[in-house]
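Inspection log for the structure reproduced underneath, given as structure tokens.
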């Protein structure tokens, strides 16, 4: 049974957001707790409020998306090259040969 974000309390949404951020390696505790006009960095409270409003708005399309099965492997097999012409010259594949 799927639970939509609109059925969760603010505390539950915060726990969900913090858990997803932790899984992704993001620690909002590094953000300031008070506004800092010098840097303009958002506060922890502002970040949570923004992410809560995003979750309550329209994440169904984003949440339902899954990458194709072989996409993770294919991305690693052919990484983008910073200087493809040099690599092509080294590998003998220059000029479409």
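The values are calculated or read from the model by the stated rules, or taken from the named source; none is laboratory data. Nothing here was measured: the structure is a model prediction, and the numbers come from that model. Neighbour counts are summed over all protein chains in view; Cβ atoms, including those assigned to glycine, are modelled from backbone coordinates with ideal geometry.
Things to note:
- Yes/no for residue 5 being touching a helix residue (DSSP H, G or I) at 6+ places or on another chain (Cβ under 9 Å) and free of Cβ contacts under 8 Å to residues at least 24 places away in the same chain: no
- Top-ranked residue in the range 52-82 [being modelled with pLDDT under 90 and under 14 Å from residue 13 (Cα atoms); ranked as surrounded by the most Cβ atoms within 10 Å (Cβ to Cβ)]: 55
- When residue 49 is tested against the conditions (1) modelled with pLDDT under 90; (2) under 16 Å from residue 8 (Cα atoms), the lone failure is (1).
- Unmet requirement for residue 2, which otherwise passes all of (1) part of a helix (DSSP H, G or I); (2) modelled with pLDDT under 90; (3) over 18 Å from the mean Cα position of the chain (by Cα): (1)
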